[in-house]
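Here, each number is a calculation from the coordinates, and none is a lab measurement. Because the structure is predicted, anything quoted here is derived from the model rather than measured. Backbone-built Cβ (ideal geometry, glycine too); neighbour counts: all protein chains shown.
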Amino acid sequence: MNKSERMKENQTELPESPSGVIRLKPQQFIHILDNNTGVTRLEVGPQKITLQDHERLVLKPSPAIVVPPQHYCMMANPVMRDETGQPIADEYGQIKLRYGDREIRLTQDPFPFYPGEIIWEDVSELEVVDPNEALRLKAIRDFVETITVMVSGETQTQTINRLAGDEWLFAGPRTYIPRVEVEVLETITATTIKPNQAQGLIARRNCTDARGNQRRSGEEWLVREEGAYLPGVDEEIVGIIDAYVLTERKALHLRAKRTFVDTAGRQRKAGDEWLVTFEDAEIHIPDVYEEVVGEVEITTLSDREWCIVNDPIDESGKPQLGLREVRQGRTSFFLHPGESLESGIERVYILGEKEALLLRAKEAFTEGEDANQIRHQPGICGRSLDLAIIFPGWKWKWSRNEKLFPWIRMKAFTCGTFRLAN
């Protein structure tokens, strides 16, 4: 039964008794209409009422409203009261009402409602806000709120001017007492941030976060501290981000979504790519502006393997486009973003005492250092090829009883080795 149906039932006119006598019990009330003046008055029991010829009963005997402790009810069109709390009547004796307004009534003695008042919301239990929870409230009209705060160990009261549209949080543990000027939007529950996790947040509007940092509307950031985190009224939860566990054999390939400063204090520009290895951190939680491209496995070379890396990075982490670099075992390394293996991992050439390998230079380069350099002109045979200047197109033989790691600037001219004649 809704409010209008209940009021119609209460206002149903009773058949008048022959004597016109109404006996009210304690905590009962009725409404009587005076047909001469048009005024409806309230009568509260216990008492005996004899209706006059010009009077009519418009509300049958009804029980008074009882609001127990920790409960409330809401009245529509509440009665107007003076400074002493007494109802105000007009010049005709009709009780004045605040039409269109509402009023919250808490626990008190049983009370009736005056003619024109409506029970807008039945007696309900007050909401208890648990720890790590909060109510998100919104002001639907301007009002002044009085709150109690602790200052230097002393309890003080403060007033806050709330404007229509303002939002704030009512954090627990405590009991929320409703107000007609306030609307409850939702209940917010704190999120538990476990080890190796972070909480992603985004600002709904310009605000100041829990750390005192100014945030702009749409800005995202992470909360990395473990424990329960209750987002502010202007903060929206994006989700929980789990950390990546790094090992000596696995690294993390990242890409910057926009220009920002990472947790190490290094500026990353939009589109930059880099690796986070075990030497940097044992675990890594990607920042809101970091995109995880993938995980990179380590590349390991034995003492009989070698490879050529294209576009190797320099000390600042930038790729040296067009350059190549020979890496030979025994070693392990990660291929950084932009680096690639030219022909994969290759095996070294092992030459016996009477074997040789025919090679051809792909470009000019110098072998040896300082005084140990030996200059060989095209077409002139040198002593050995341990220290020489090799020119493009020049063919030579390497006859050495050891392993051979080819240089970048030469390649094998034959498909295999051949034995030298005695």
For region 30-37, 3J(HN,Hα) per residue [Karplus equation, 6.51 cos²θ - 1.76 cosθ + 1.60, θ = phi - 60°, Hz, x = Gly/Pro]: 9, 10, 10, 9, 8, 5, 6, 9
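So how do 301-308, 214-221, 132-139, 258-265 stack up, highest first, on mean other-Cβ count within 10 Å? Could the numbers behind the result be given before it?
Numbers: 301-308: 16.6, 214-221: 13.9, 132-139: 18.5, 258-265: 11.5.
Going from most to least packed, we get 132-139, 301-308, 214-221, 258-265.
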Vicinal HN-Hα couplings computed from phi for region 295-300 (Karplus, 6.51 cos²θ - 1.76 cosθ + 1.60; Hz; Gly/Pro x): 9, 10, 7, 6, 9, 10
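Which GluC sites (Glu not before Pro) in region 138-175 pass both tests, a DSSP loop state and at most 11 other beta-carbon atoms within 10 Å? Can you show the working numbers first?
Details: sites: Glu145, Glu154, Glu167; in loops: none.
Listed in order of number, the matching sites amount to none.
Report the net charge of residues surrounding Thr277, where surrounding means a beta-carbon distance below 9 angstrom and charges are Lys +1, Arg +1, Asp -1, Glu -1. Don't skip to the end; give the middle numbers.
On the way: positive: Lys250; negative: Glu248, Glu279, Asp280.
Computed value for this residue: -2.
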Loop sites in region 15-121: chymotrypsin sites (Phe, Trp or Tyr not before Pro), DSSP, at most 15 other Cβ within 10 Å: Tyr92, Tyr99
12 Å Cα-Cα reach of Lys60 towards aspartates and glutamates, excluding residues that sit fewer than 8 places from it in its own chain: Glu9, Glu13, Glu16, Glu43
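Compute the signed sum of charges (Lys and Arg +1, Asp and Glu -1) over the other residues within less than 9 Å, Cβ to Cβ, of Leu135.
Working: positive: Arg136; negative: Glu127, Glu133, Glu186.
Computed value for this residue: -2.
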Ranked by how many other beta carbons lie within 10 Å on average, peptides 190-196, 73-79 from highest: 73-79, 190-196
Exceeding the 32 Å Cα-Cα cut-off - candidates Lys96/Lys138; Lys138/Lys257; Lys194/Lys318: Lys138/Lys257; Lys194/Lys318
